[in-house]
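Can you read through this structure? Questions will come right after.
The values are calculated or read from the model by the stated rules, or taken from the named source; none is laboratory data. The model shown is predicted, which means the values in this text are computed figures rather than measured ones. Glycine also receives a Cβ, built like all others from the backbone with ideal geometry; neighbour counts cover every protein chain displayed. For accessibility, only protein heavy atoms count, side chains too; no ligands or nucleic acids. Shrake-Rupley method; radii C 1.70, N 1.55, O 1.52, S 1.80 Å.
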Amino acid sequence: MVPERQFRTPLFDALVALAEARKVSFHTPGHKSGKGISTRFRQFVGPKIFTIDLTTLDEVDCLQKPVGVIKEAQELAAEAYGADHSFFLVNGTTVGNQAMILATAKPGDQVLVARNAHKSILAGIVLSGAIPRFFLPELDPELGIAWNVTGSALSTVMELYPQAKILCLTSPNYYGVAADLSTLIAKAKAQGMLALVDEAHGPHLRFHPDLPPSALESGADICVQSTHKIVGGMTQASMLHIKGDRVDLGRLRGVLYLLQSTSPSYILMASLDLARMQMATEGRKLLGKAIELAEGARARINRIEGLYCLEAGLVERAGPYRLDVTKLTISTKALGLSGFQVSAILNAEFGVQVEMADLGNLLVIVSIGDRKDDLDRLVSALTCIATRAEKGAPPIKPLIPPIQGDRLILPPREAYFAPYEYVEVGEAAGRVSSEVVTLYPPGIPLLVPGEEVSPEVVDYLLFMTSQGARVDGVRDSEPPCLRVLRD
Ligand SMILES: Cc1ncc(COP(=O)(O)O)c(C=O)c1O
């Protein structure tokens with residue numbers, strides 16, 4: 001039974017009430033409820049949205065020090081997510097990940113970091129002065145994707161670094177592959193460690209039993225979720241949840257107070273209030289429909305010659321993982337076409353845009369916003385591409401990223417602020433990186449500040465940039481350059 005109060009949307013209601021009161025405003029934002037907004041903007045989106053683009057006022061509370069409707073909205077979110085405290089975030093999971101590390105790690109503290117971490121986790125490491133001790137996710141050479149981290153990898157790194165105080169995991173990953181969080185977290189907690197989870201791709205997990213268990217259900221102390229990525233939050237709207245009393249709440253509040261904007265968007269925050277209400281009251285039904293659509297499309301794609309869509313059974317046979325079945329990872333390699341190529345054709349010829357592509361795969365996110373027609377369009381476009389693909393074309397060979405585990409020469413913070421120079425990527429082997437270098441997809445950092453650049457990373461970067469991959473942290477010059485420590 002859903003508690004009656006979960007139907008409430010206190011922040012949104014307060015915004016609407018204030019907008020309808022038509023008070024005269026001599027405060028920010030300068031567009032004054034849209035009266036000063038550009039005509040083109042207003043004509044396209046309509047006038048109403050601007051009337052709730054407000055600032056911190058008594059009626060609508062203050063994110064930095066909530067005492068009214070924001071406090072209530074955050075408490076409802078905590079109840080819905082099974083947390084003790086929830087915090088609204090207006091700079092995505094990026095700011096939540098930074099806060100999660102800064103609130104728990106002090107300079108010099110060792111943090112065990114699963115290497116499939118987003119760069120915002122590394123930003124938290126640089127800002128805090130903590131020392132990351134990486135352990136690697138398992139990789140699948142056939143599909144060229146990363147699964148997730150295992151208990152045995154965690155045990156090994158825990159034995160190597162028994163002083164570590166914090167474990168930081170990322171689950172599910174971009175492809176929807178969730179780690180066995182309860183085992184990993186129990187291991188860490190048994191040694192007195194805090195368990196932090198970047199759950200950017202999992203704000204829906206709690207609301208449907210056929211999805212992998214959420215981080216908090218698995219025992220995490222803190223998790224951060226991109227409400228905007230998967231459910232009804234607007235872009236940049238995320239939440240941070242904590243459970244239990246092992247995290248210093250005062251410090252976490254203080255860190256968010258330092259990092260978040262003093263002018264948070266009320267539209268983004270209202271979208272969090274509404275997204276929570278929607279998940280709490282009808283999440284199971286909506287997600288059930290999304291799961292059915294995704295599973296139907298998966299079955300149909302798997303009947304197309306030359307394509308393979310990742311299934312839960314294969315993921316579970318590969319290791320102690322679970323698949324969020326709303327993600328469709330579609331291997332294109334047998335068609336002799338890269339994921340990049342198929343993605344470009346889907347977009348240009350069929351008006352179908354996927355979440356991401358890599359050398360051998362496409363990633364499609366199916367959500368509560370999709371309809372059967374949308375999936376039909378995807379499947380028929382893929383059928384068409386597969387039918388006309390050159391028969392007998394050599395298959396694409398997926399390439400596994402050469403991620404490193406133990407090449408840290410300097411603490412990341414020290415390396416980040418040390419004198420640097422740019423060198424051509426081809427000349428960078430043996431040098432020490434002063435930048436986070438991440439390839440999208442899969443978004444796993446290839447280099448972090450303070451790490452020695454291996455020849456394998458150089459070869460991989462050169463090859464992937466030649467294939468049109470997006471690399472963050474490499475200077476887009478001709479030839480491309482890496483930022484490394486001055487000798
Ligand atoms: C695993 C992971 N963590 C964090 C982020 C950052 O989230 P946001 O875009 O909400 O700031 C992303 C974004 O892609 C991500 O994939």
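This table checks each residue for (1) part of a loop (DSSP other than H, G, I, E, B); (2) in contact with a Pro (Cβ under 6 Å, 6 or more places away or on another chain); (3) open to solvent by less than 40 Å² (accessible area, probe 1.4 Å).
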{"position": "L11", "(1), (2), (3)": "no, no, yes"}
{"position": "A14", "(1), (2), (3)": "no, no, yes"}
{"position": "A17", "(1), (2), (3)": "no, no, no"}
{"position": "G36", "(1), (2), (3)": "yes, no, no"}
{"position": "R42", "(1), (2), (3)": "no, no, no"}
{"position": "Q74", "(1), (2), (3)": "no, no, yes"}
{"position": "A83", "(1), (2), (3)": "yes, no, yes"}
{"position": "F88", "(1), (2), (3)": "no, no, yes"}
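Can I ask one more? Just a yes or no: is a residue in region 253-266 crowded, with 24+ Cβ neighbours inside 10 Å and touching a helix residue (DSSP H, G or I) at 6+ places or on another chain (Cβ under 8 Å)?
yes
Would you pick out the residues in region 182-229 that are in a helix (DSSP H, G or I), within 16 Å of the ligand (Cβ to nearest atom) and open to solvent by 10 Å² or more (accessible area, probe 1.4 Å)?
Passing the criteria: H228, K229.
Return the residues of region 49-73 that are under 23 Å from F7 (Cα atoms) and of a type in the set (K, R); say none if nothing qualifies.
Across region 49-73, the qualifying residue is only K71.
Would you kindly identify the strands (runs of 3 or more DSSP E) lying entirely within region 417-487 that contain at least 1 residues that are buried (at least 20 other Cβ atoms within 10 Å of the Cβ)?
Of the strands (runs of 3 or more DSSP E) lying wholly inside region 417-487, those with at least 1 residues that are buried (at least 20 other Cβ atoms within 10 Å of the Cβ) span 437-440, 445-447, 481-485.
For residues that are in contact (Cβ under 8 Å) with a residue 60 or more places away in the chain and within 18 Å of the chain's Cα centre (by Cα), scanning just region 103-119, find the one that is farthest from the ligand (Cβ to nearest atom).
So the residue we want is R115.
Would you be able to tell me the number of residues in region 118-136 that are at pLDDT 95 or above and assigned to a loop (DSSP other than H, G, I, E, B)?
2
What are the residue pairs meeting all of these: first residue in region 168-194, first residue of a type in the set (D, E), second residue part of a loop (DSSP other than H, G, I, E, B) and open to solvent by 50 Å² or more (accessible area, probe 1.4 Å), Cβ atoms under 6 Å, and 6 or more apart or on different chains?
Between residues of region 168-194 that are of a type in the set (D, E) and residues that are part of a loop (DSSP other than H, G, I, E, B) and open to solvent by 50 Å² or more (accessible area, probe 1.4 Å), the close pairs are D180/P320.
Does any residue of region 380-398 turn out to be within 30 Å of P137 (Cβ to Cβ), in contact with a Pro (Cβ under 6 Å, 6 or more places away or on another chain), touching a residue at least 24 places away in the same chain (Cβ under 8 Å) and part of a loop (DSSP other than H, G, I, E, B)?
Scanning region 380-398, I find no residue that is within 30 Å of P137 (Cβ to Cβ), in contact with a Pro (Cβ under 6 Å, 6 or more places away or on another chain), touching a residue at least 24 places away in the same chain (Cβ under 8 Å) and part of a loop (DSSP other than H, G, I, E, B), so the answer is no.
Which of the residues spanning region 110-123 are farther than 14 Å from N173 by Cα and open to solvent by 20 Å² or more (accessible area, probe 1.4 Å)?
Q110, A123
Could you list, in sequence order, all residues of region 295-337 that are part of a helix (DSSP H, G or I), closer than 21 Å to P213 by Cβ and open to solvent by less than 10 Å² (accessible area, probe 1.4 Å)?
V315
On to the next question. Within region 198-206, is even one residue touching a residue at least 24 places away in the same chain (Cβ under 8 Å), under 24 Å from S155 (Cα atoms) and in contact with a helix residue (DSSP H, G or I) (Cβ under 9 Å, 6 or more places away or on another chain)?
So far as region 198-206 goes, yes, one or more of its residues are touching a residue at least 24 places away in the same chain (Cβ under 8 Å), under 24 Å from S155 (Cα atoms) and in contact with a helix residue (DSSP H, G or I) (Cβ under 9 Å, 6 or more places away or on another chain).
Another question, if that's okay. Output the residues belonging to region 244-254 that are out of contact with any His (no Cβ under 7 Å at 6 or more places or on another chain) and more than 16 Å from C62 (Cα to Cα).
G244, D245, R246, V247, D248, G250, R251, L252
Next question. Working carefully through the options A215, A270, find the one that is of a type outside the set (K, R), within 23 Å of M356 (Cβ to Cβ) and in contact (Cβ under 8 Å) with a residue 12 or more places away in the chain.
A215
Among the numbered criteria (1) surrounded by fewer than 21 Cβ atoms within 10 Å (Cβ to Cβ); (2) within 25 Å of L462 (Cβ to Cβ); (3) at pLDDT 95 or above, which one does S343 miss?
Here S343 meets the rest and fails (1).
Which of the residues spanning region 130-173 are of a type in the set (D, E) and open to solvent by 30 Å² or more (accessible area, probe 1.4 Å)?
Listed by number, the residues that qualify are E138, E142, E159.
Next question. Suppose the filter is assigned to a loop (DSSP other than H, G, I, E, B), at pLDDT 95 or above and of a type outside the set (G, A, S); does D374 pass it?
no
Of the numbered conditions (1) in contact with a His (Cβ under 8 Å, 6 or more places away or on another chain); (2) more than 16 Å from the ligand (Cβ to nearest atom), G92 satisfies every one except a single condition; which is it?
(2)
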